[in-house]
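The structure appears right after this line, and notes come after that.
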Number of protein chains: 2
Amino acid sequence: MSNASSVQALTYDCINPHIKEAKYAVRGELAVRSEKYRAQLLKGDKGDLPFDTVVSANIGNPQQLDQKPITFFRQVASILENPLLLEKEDVLKDALGYKQDVIDRAKTLLKYVKSVGAYSQSHGSPGIRESVAKFIEKRDGYPADAEHVYLSNGASGGVNTLLHVICSKPETGILVPIPQYPLYTATLSVLNARCVPYYLDESHAWGTDMEEIESALKKARSEGTDVKAIVVINPGNPTGASLSEESIKSVLELAQEEKLVVMADEVYQTNVFEGKFISFKKGLRDLQKAEPGKYDNLELASLHSISKGMVGECGHRGGYFELIGFDEKVAAEVYKFISIQLCPPVIGQCMVEMMVNPPQEGDPSYELYKQEYDSIFKGLLERAQALYKAFKEMEGVECQSPAGSMYLFPTIRLPKRAIEAAEKEGRKPDEFYCFRMLDATGVCVVAGSGFGQKEGTLHFRTTFLAPGTEWVGRITKFHEEFMDEFRD
Amino acid sequence: MSNASSVQALTYDCINPHIKEAKYAVRGELAVRSEKYRAQLLKGDKGDLPFDTVVSANIGNPQQLDQKPITFFRQVASILENPLLLEKEDVLKDALGYKQDVIDRAKTLLKYVKSVGAYSQSHGSPGIRESVAKFIEKRDGYPADAEHVYLSNGASGGVNTLLHVICSKPETGILVPIPQYPLYTATLSVLNARCVPYYLDESHAWGTDMEEIESALKKARSEGTDVKAIVVINPGNPTGASLSEESIKSVLELAQEEKLVVMADEVYQTNVFEGKFISFKKGLRDLQKAEPGKYDNLELASLHSISKGMVGECGHRGGYFELIGFDEKVAAEVYKFISIQLCPPVIGQCMVEMMVNPPQEGDPSYELYKQEYDSIFKGLLERAQALYKAFKEMEGVECQSPAGSMYLFPTIRLPKRAIEAAEKEGRKPDEFYCFRMLDATGVCVVAGSGFGQKEGTLHFRTTFLAPGTEWVGRITKFHEEFMDEFRD
């Protein structure tokens with residue numbers, strides 16, 4: 001057999017090419033540089049840095065940016081982690097201020113899962129899935145079945161599962177909105193399947209444009225792509241859009257017509273600032289009611305998560321997806337696939353339960369819960385509006401008003417000299433701008449090219465999670481100086 | 001465009017064929033049936049069932065089977081979940097009995113992660129990775145670098161990541177021990193890569209047989225398989241074996257000679273009942289010391305987990321892998337791949353930290369920690385020996401003495417009439433036996449065919465986690481009756 005040579009068995013050239021192709025800008029080079037700055041500042045070694053703090057506006061990580069966890073959730077979780085505390089209920093109540101409903105909920109969840117240190121069923125604890133089904137019923141006014149609810153590792157775990165099952169060959173295509181959260185394109189790269197981009201309509205509040213979707217579909221099919229599903233992110237990431245009932249129904253009608261599975265990424269369903277959230281499930285059931293029989297075989301997967309909204313527990317990696325209209329044999333393969341990784345984190349499952357079944361009016365913890373929830377919502381809205389106002393006043397910047405999710409995605413028009421300077425550095429112009437912003441302000445955003453954007457347009461995505469508005473001023477000042485430096 | 005027909009977009013025929021091919025018996029039909037029995041008994045509806053409890057000996061799920069979590073871990077976790085408790089340190093200490101080191105550890109971990117509800121770096125919190133590196137250094141007597149430590153979603157998440165990166169084409173092959181934990185074969189199926197089986201030597205305590213590995217490798221290469229890595233599970237799952245230092249070095253020498261990445265699944269490193277655990281990392285560093293230069297490019301990935309051992313916190317989905325000797329550009333792709341799923345559960349990361357850095361002699365929590373740890377270890381050993389003794393006395397059953405992990409994997413010789421009866425039911429003989437066992441006793445084990453076994457041999461895997469030994473008696477009685485029913 002062969003002798004060893006001096007290089008490794010696993011060189012860059014020989015690893016999985018589909019992973020090399022995948023791009024995930026949200027945690028890319030810019031984010032890595034921002035972490036270096038943060039570490040430098042933590043060591044007290046400011047050096048030449050012209051800022052004192054790093055503001056991670058690149059990623060929806062609420063609690064990293066000082067969003068406080070909801071007390072009810074965490075009190076319950078503390079008991080789940082240490083059930084021996086239940087032997088001292090009086091201490092919990094009298095000395096630590098835990099309310100009776102906290103203790104009761106912990107007992108219920110422990111009955112469901114036995115121990116948060118034990119594996120659950122692959123798709124999650126039955127009691128928790130029941131609770132999710134009840135939530136969906138209440139939200140939509142239509143029944144839901146716990147057997148069709150799959151708890152997951154955040155919504156990302158659900159997306160990974162669904163795309164794995166759907167993508168059967170290199171010609172499989174998935175309609176993905178552009179701009180999009182790069183989880184979709186990255187996972188499709190890994191799976192060696194095709195992303196079929198459809199552009200959202202920036203001039204109409206980043207809405208879906210049915211003609212655009214139809215033409216993207218037609219083009220892809222004419223090129224031999226077997227388009228199997230359409231992804232919709234509502235409220236939008238990175239766009240911050242919020243879809244109307246009519247838009248939702250149009251997408252469903254198209255999916256029915258064209259035999260597409262609908263993947264509805266609805267993780268921002270509580271982050272809605274304009275209008276009201278309507279789920280794809282409700283849209284589908286309404287259509288089914290209006291025209292009995294017609295939509296019976298339409299397949300919809302609806303995803304949700306504890307990571308976003310007022311809950312913001314992304315570190316706990318909890319989420320779920322509901323499968324509607326799926327073939328039972330396909331659902332069995334979904335189940336087998338998730339079994340291989342055993343089960344989602346059980347404490348995250350318990351957080352899902354609390355998210356879908358929070359304290360109700362009259363419950364001892366309700367008042368504090370509502371106060372915390374409303375205050376987080378109000379803070380998000382205020383910061384969104386402050387950012388929006390700042391963007392409107394910035395030279396060459398245009399921005400849609402904040403409608404949903406936790407992002408703004410302004411258009412930036414950069415001077416020709418800036419674009420040339422970017423080229424010299426071998427960077428895309430929006431990346432160049434974002435690196436300059438990070439180096440000047442410590443504020444880390446993500447370039448629009450990381451999400452996709454129409455040819456010739458430039459954007460960046462920022463969260464509006466970071467506390468205060470001082471950092472908005474940093475961006476405004478940077479932008480002025482940048483424009484002064486490069487103005488044609 | 002086409003009109004809708006009456007079937008779904010996603011039929012069984014058109015989904016990902018590689019997922020359909022994957023097999024994962026640990027959570028297969030037998031496990032599903034056992035869960036049905038459990039649910040039935042919970043409802044108080046015993047019906048015709050000839051048993052009162054279901055014993056899930058099919059899966060290493062310690063806390064489902066009443067293994068108590070370690071108090072220190074859970075006290076710290078309760079504070080991590082509710083940091084407001086730190087405002088009442090006196091209550092924690094005086095009324096709840098939390099020791100000072102519990103409070104200190106919680107503060108340290110909160111400094112590392114900020115909030116367990118926040119995303120960490122994709123490969124885990126730097127402070128926790130440092131702690132893992134220190135543990136590895138202390139365990140092996142050789143340095144470890146936190147930058148090469150990747151926290152993961154249990155060890156399963158790590159295996160999934162590594163196989164994704166290594167498998168670059170359908171011809172890629174991975175040497176996998178048979179019998180094996182089916183995570184490996186299932187993941188290789190999903191990735192459409194080749195499992196290159198090498199049989200463990202049952203007659204030598206399920207050890208590795210170098211000639212067997214070499215011949216499997218040679219055969220695979222001659223058939224056009226590009227064999228890139230070898231998996232070793234030590235201590236063994238499902239075999240319960242524990243490898244000698246010599247065996248470990250032989251595998252490493254072969255890997256060096258043949259340019260194979262070594263994947264060392266070492267999740268049972270504290271479950272060793274005969275001899276002493278030696279890590280592949282230590283084996284490699286010893287070889288490198290003995291012959292400087294020769295092994296510099298050998299790539300080793302060593303995986304560990306909080307799910308097993310005396311910790312048994314599988315529901316928290318924590319683990320890590322260390323990459324040794326990997327090309328930096330390859331490591332960067334590993335990082336990007338895990339970024340797409342954001343980060344492992346943060347409370348699970350904290351559990352990893354406590355596992356690798358438990359209370360030390362002199363610490364206030366040490367005594368209780370040691371007492372709990374030793375008692376779990378002793379319980380495992382006692383039950384392992386009781387099972388082993390029972391198996392030795394059963395007709396047609398042979399079993400290796402329990403050396404490591406949490407499983408026994410006895411050989412069963414079934415009468416010809418039993419094999420015929422199995423055939424009639426369309427089942428493999430060992431599956432038939434295991435279904436019969438479940439139906440008669442409520443004890444759920446996994447048939448050897450779910451792990452792979454030499455042609456013509458039959459086995460089953462049972463954990464020795466279930467409390468007490470009453471259920472061992474159920475197996476013995478069932479086996480007698482089974483043999484009486486089918487004896488030739």
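Working carefully through the options A:Leu49, A:Leu65, find the one that is in contact (Cβ under 8 Å) with a residue 60 or more places away in the chain and within 27 Å of the chain's Cα centre (by Cα).
Details: A:Leu49 fails: within 27 Å of the chain's Cα centre (by Cα).
Step by step, each of A:Leu49, A:Leu65 is checked, and only A:Leu65 is in contact (Cβ under 8 Å) with a residue 60 or more places away in the chain and within 27 Å of the chain's Cα centre (by Cα).
For region A:236-251, indicate whether the set of residues that are in contact (Cβ under 8 Å) with a residue 24 or more places away in the chain, in contact with a Cys (Cβ under 8 Å, 6 or more places away or on another chain) and not aromatic (Phe, Trp, Tyr) is non-empty.
If we filter region A:236-251 for residues that are in contact (Cβ under 8 Å) with a residue 24 or more places away in the chain, which is where we start, we get A:236-245, A:247-251.
If we keep only those that are in contact with a Cys (Cβ under 8 Å, 6 or more places away or on another chain) as well, we get none.
So far as region A:236-251 goes, no, none of its residues is in contact (Cβ under 8 Å) with a residue 24 or more places away in the chain, in contact with a Cys (Cβ under 8 Å, 6 or more places away or on another chain) and not aromatic (Phe, Trp, Tyr).
Can you confirm whether region B:381-397 contains a residue that is in contact (Cβ under 8 Å) with a residue 24 or more places away in the chain, assigned to a loop (DSSP other than H, G, I, E, B) and crowded, with 20+ Cβ neighbours inside 10 Å?
No - not one qualifying residue is present in region B:381-397.
Kindly indicate whether B:Ala332 is free of Cβ contacts under 8 Å to residues at least 24 places away in the same chain and within 14 Å of chain A (Cβ to nearest Cβ). Working first, answer last.
Values: free of Cβ contacts under 8 Å to residues at least 24 places away in the same chain: yes; within 14 Å of chain A (Cβ to nearest Cβ): yes.
Yes; evaluated as a whole, the condition is true for this residue.
Right, A:Ile324: within 14 Å of chain B (Cβ to nearest Cβ) and touching a strand residue (DSSP E or B) at 6+ places or on another chain (Cβ under 8 Å) or not? First the steps, then the outcome.
Details: within 14 Å of chain B (Cβ to nearest Cβ): yes; touching a strand residue (DSSP E or B) at 6+ places or on another chain (Cβ under 8 Å): yes.
Yes, satisfied.
Looking at (1) out of contact with any Lys or Arg (no Cβ under 9 Å at 6 or more places or on another chain); (2) within 14 Å of A:Lys228 (Cα to Cα), find the lone condition where A:Val261 falls short.
A:Val261 satisfies every listed condition except (1).
If you check B:Tyr37 against the conditions, is it hydroxyl-bearing (Ser, Thr, Tyr), more than 7 Å from chain A (Cβ to nearest Cβ) and either surrounded by 15 or more Cβ atoms within 10 Å (Cβ to Cβ) or touching a residue at least 12 places away in the same chain (Cβ under 8 Å) (or both)?
Working: hydroxyl-bearing (Ser, Thr, Tyr): yes; more than 7 Å from chain A (Cβ to nearest Cβ): yes; either surrounded by 15 or more Cβ atoms within 10 Å (Cβ to Cβ) or touching a residue at least 12 places away in the same chain (Cβ under 8 Å) (or both): yes.
Against the criterion (hydroxyl-bearing (Ser, Thr, Tyr), more than 7 Å from chain A (Cβ to nearest Cβ) and either surrounded by 15 or more Cβ atoms within 10 Å (Cβ to Cβ) or touching a residue at least 12 places away in the same chain (Cβ under 8 Å) (or both)), B:Tyr37 qualifies.
Quick check on region B:230-244: of everything there that is small (Gly, Ala, Ser) and buried (at least 24 other Cβ atoms within 10 Å of the Cβ), which residue is nearest to B:Ser302 (Cα to Cα)?
Of all residues in region B:230-244, those small (Gly, Ala, Ser) come to B:236, B:240-242, B:244.
Subsequent filtering for residues that are buried (at least 24 other Cβ atoms within 10 Å of the Cβ) retains B:236, B:240-242.
Values: B:Gly236: 14, B:Gly240: 19, B:Ala241: 18, B:Ser242: 16 Å.
The extreme case among them is B:Gly236.
Conditions tested, residue by residue: (1) more than 8 Å from chain A (Cβ to nearest Cβ); (2) closer than 25 Å to A:Lys23 by Cβ.
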| position | (1), (2) |
| --- | --- |
| B:Pro292 | yes, no |
| B:Met310 | yes, no |
| B:Glu313 | no, no |
| B:Lys336 | no, yes |
| B:Ser339 | no, yes |
| B:Val356 | yes, no |
| B:Pro364 | yes, no |
| B:Lys370 | yes, no |
| B:Tyr373 | yes, no |
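Which residues, taken from region A:61-75, are facing chain B (nearest Cβ under 10 Å) and at pLDDT 90 or above? Reasoning before the result, please.
Keep residues of region A:61-75 that are facing chain B (nearest Cβ under 10 Å), which gives A:61-71, A:73-75.
The answer is A:Asn61, A:Pro62, A:Gln63, A:Gln67, A:Lys68, A:Pro69, A:Ile70, A:Thr71, A:Phe73, A:Arg74, A:Gln75.
Can you go through A:Leu80, A:Leu86 and tell me which one is more than 11 Å from chain B (Cβ to nearest Cβ) and touching a helix residue (DSSP H, G or I) at 6+ places or on another chain (Cβ under 7 Å)? Lay out the reasoning, then the answer.
Numbers: A:Leu80 fails: more than 11 Å from chain B (Cβ to nearest Cβ).
Step by step, each of A:Leu80, A:Leu86 is checked, and only A:Leu86 is more than 11 Å from chain B (Cβ to nearest Cβ) and touching a helix residue (DSSP H, G or I) at 6+ places or on another chain (Cβ under 7 Å).
Please go through (1) surrounded by 19 or more Cβ atoms within 10 Å (Cβ to Cβ); (2) farther than 25 Å from A:Ala193 by Cβ; (3) more than 17 Å from the chain's Cα centre (by Cα); (4) in contact (Cβ under 8 Å) with a residue 40 or more places away in the chain for A:Glu274 and return the number of the only condition it doesn't satisfy.
Against the list (1) surrounded by 19 or more Cβ atoms within 10 Å (Cβ to Cβ); (2) farther than 25 Å from A:Ala193 by Cβ; (3) more than 17 Å from the chain's Cα centre (by Cα); (4) in contact (Cβ under 8 Å) with a residue 40 or more places away in the chain, A:Glu274 comes up short only on (1).
Can you name the condition, by its number, that A:Cys343 falls short on among (1) in contact with a Gly (Cβ under 9 Å, 6 or more places away or on another chain); (2) more than 11 Å from every other protein chain (Cβ to nearest Cβ)?
Result: A:Cys343 passes all but (2).
Determine which member of the set B:Ser250, B:Ser279 is surrounded by fewer than 19 Cβ atoms within 10 Å (Cβ to Cβ) and modelled with pLDDT of 95 or more.
Result of the check over B:Ser250, B:Ser279: B:Ser250.
Do we find that A:Ser242 is closer than 26 Å to A:Asp374 by Cβ, assigned to a loop (DSSP other than H, G, I, E, B) and facing chain B (nearest Cβ under 9 Å) in this structure?
On the way: closer than 26 Å to A:Asp374 by Cβ: yes; assigned to a loop (DSSP other than H, G, I, E, B): yes; facing chain B (nearest Cβ under 9 Å): no.
Spelling it out, it is not the case that A:Ser242 is closer than 26 Å to A:Asp374 by Cβ, assigned to a loop (DSSP other than H, G, I, E, B) and facing chain B (nearest Cβ under 9 Å).
Considering only region A:114-199, give the strands (runs of 3 or more DSSP E) lying wholly within it that have at least 2 residues that are away from chain B (no Cβ under 14 Å) and over 30 Å from B:Arg74 (Cα atoms). Can you show your working first?
Details: elements: A:149-152, A:172-178, A:194-199.
Per the criteria, A:172-178, A:194-199.
Just for region A:253-270: of the residues that are part of a helix (DSSP H, G or I) and of a type outside the set (A, V, I, L, M, F, W, C), which one is surrounded by the most Cβ atoms within 10 Å (Cβ to Cβ)? First the steps, then the outcome.
At the first step, the residues of region A:253-270 found to be part of a helix (DSSP H, G or I) are A:253-258.
Add one more test, that the residue is of a type outside the set (A, V, I, L, M, F, W, C), and what stays is A:253, A:256-258.
Numbers: A:Glu253: 17, A:Gln256: 22, A:Glu257: 14, A:Glu258: 20.
Looking at the filtered set, the residue picked out is A:Gln256.
Give me the pairs: first residue in region A:90-106 and more than 12 Å from every other protein chain (Cβ to nearest Cβ), second residue part of a helix (DSSP H, G or I) and among the acidic types (Asp, Glu), beta-carbon distance under 8 Å, and six or more apart or on different chains, which are they?
If the second residue must be part of a helix (DSSP H, G or I) and among the acidic types (Asp, Glu), the pairs left are A:Ile103/A:Glu89.
The values are calculated or read from the model by the stated rules, or taken from the named source; none is laboratory data. Owing to the predicted nature of the structure, the values given are computational and were not obtained by experimental measurement. When we count neighbours, we look across all protein chains shown, and the Cβ atoms used for this are built from the backbone with ideal geometry, even at glycine.
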